[in-house]
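Note sheet for the following structure.
The values are calculated or read from the model by the stated rules, or taken from the named source; none is laboratory data. As the structure is a computational prediction, the values presented were derived from the model and not from experiment. Don't worry about glycine lacking a Cβ; one is built from the backbone with ideal geometry, like all the others, and counts go over all protein chains shown. Areas reflect the complete protein model, heavy atoms only, side chains present, ligands, DNA and RNA absent. Shrake-Rupley method; radii C 1.70, N 1.55, O 1.52, S 1.80 Å.
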Amino acid sequence: MNEQHISSAVDRDLESIQAHIMKMGGLVEAAILQSAKALETRDVELANQVIAGDGAIDGLDDLINMETARVLALRTPTAVDLRIVLTVMKVSANLERIGDYAKNIAKRTASLTETTKPVIESAAALRRMAREVELMLKDALDSYIQRDQELARDVISRDVDVDQMYNAMFREFLTHMMEDQRNITPCMHLHFIAKNIERMGDHVTSIAEQVVYLVTGERDEEVREKGDVTSTIASQEA
């Protein structure tokens, strides 16, 4: 097979893999929003749909892994094509983890179906936080398709906003728990949910960082500062 035919075959394979990535991204975006909506509305049926839908996300991750392994083994991609394959593998892994966090949020919904003050006051804020992460993911995927490193860097910078939202909710949960011991259990569930959303933001940021690598061929040397200060707060409370 001559070089032109090899190049055409690699292009076709990469187009197929990237189509899977976008499909996977769409499923993950929906899972983020639906898990947060299920929590806010205490909709156990919707939560169960999110849990069941995680199988499709995992299936696409497996398919992408198989197809990228095949490209590496049979096509021996180089230069930009190799960067695309490596980026796709990292993006897929991050999407799979975000899907897992959405599933975890949905699993906790059943434990929060009873109407309690912390749940009522926090569910809407958690949904806003999840919406911000979903918008970041949408932009990260757009930056990947468009090879837009500036949009990717904008996504990276917005992770600080998600961390600040998480920090504010963490303090709110502490206040509720100190006010009434009956709030401890629901607030612990809510804290885990908030932390899951914050971790989603980290994985979205990782996707955006992969886009920068794909476009430039270089890793950013600057260490990204985290805005999550809850470990410091917890030590001060002890």
Computed for the range 177-223: size of charge dipole around the Cα centre, +1 on C-beta of each Lys and Arg, -1 on C-beta of each Asp and Glu, debye to nearest 20, value 340 debye
With the dipole of the range 39-99 defined by +1 on each Lys or Arg Cβ and -1 on each Asp or Glu Cβ, the option from Gly55, Val44, Ser92 whose Cα lies farthest towards the positive pole is Ser92
For the range 5-57, the dipole about the Cα centre with charges only on Cβ (Lys and Arg +1, Asp and Glu -1), to the nearest 20 debye, works out at 40 debye
Carbon and sulfur atoms account, in whole percent of the 1.4 Å probe accessible area of the range 5-101, for 57 percent
With all protein chains in place and a 1.4 Å probe, Leu72 shows an accessible area in Å² (nearest 10) of 70 Å²
The chain: longest segment with zero exposed GluC sites (Glu not before Pro), where exposed means DSSP loop plus at most 16 other C-beta atoms within 10 Å, is residues 1-113
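Where does the charge balance sit around Glu132 when Lys and Arg score +1, Asp and Glu -1, over other residues with C-beta under 12 Å from its C-beta? Working shown, then result.
On the way: positive: Arg127, Arg128, Arg131, Lys138, Arg158; negative: Glu134, Asp139, Asp159, Asp161, Asp163, Glu198.
In short, -1.
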From most to least accessible, 1.4 Å probe, no ligand or DNA/RNA atoms counted, Lys195, Lys138, Lys107 line up as Lys107, Lys138, Lys195
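Using unit Cβ charges (K, R positive; D, E negative) and no other charged atoms, how large, in debye to the nearest 20, is the dipole of the chain about its Cα centre? Can you show the working numbers first?
Values: 27 positive and 41 negative charges, 104 e Å.
I would put it at about 500 debye.
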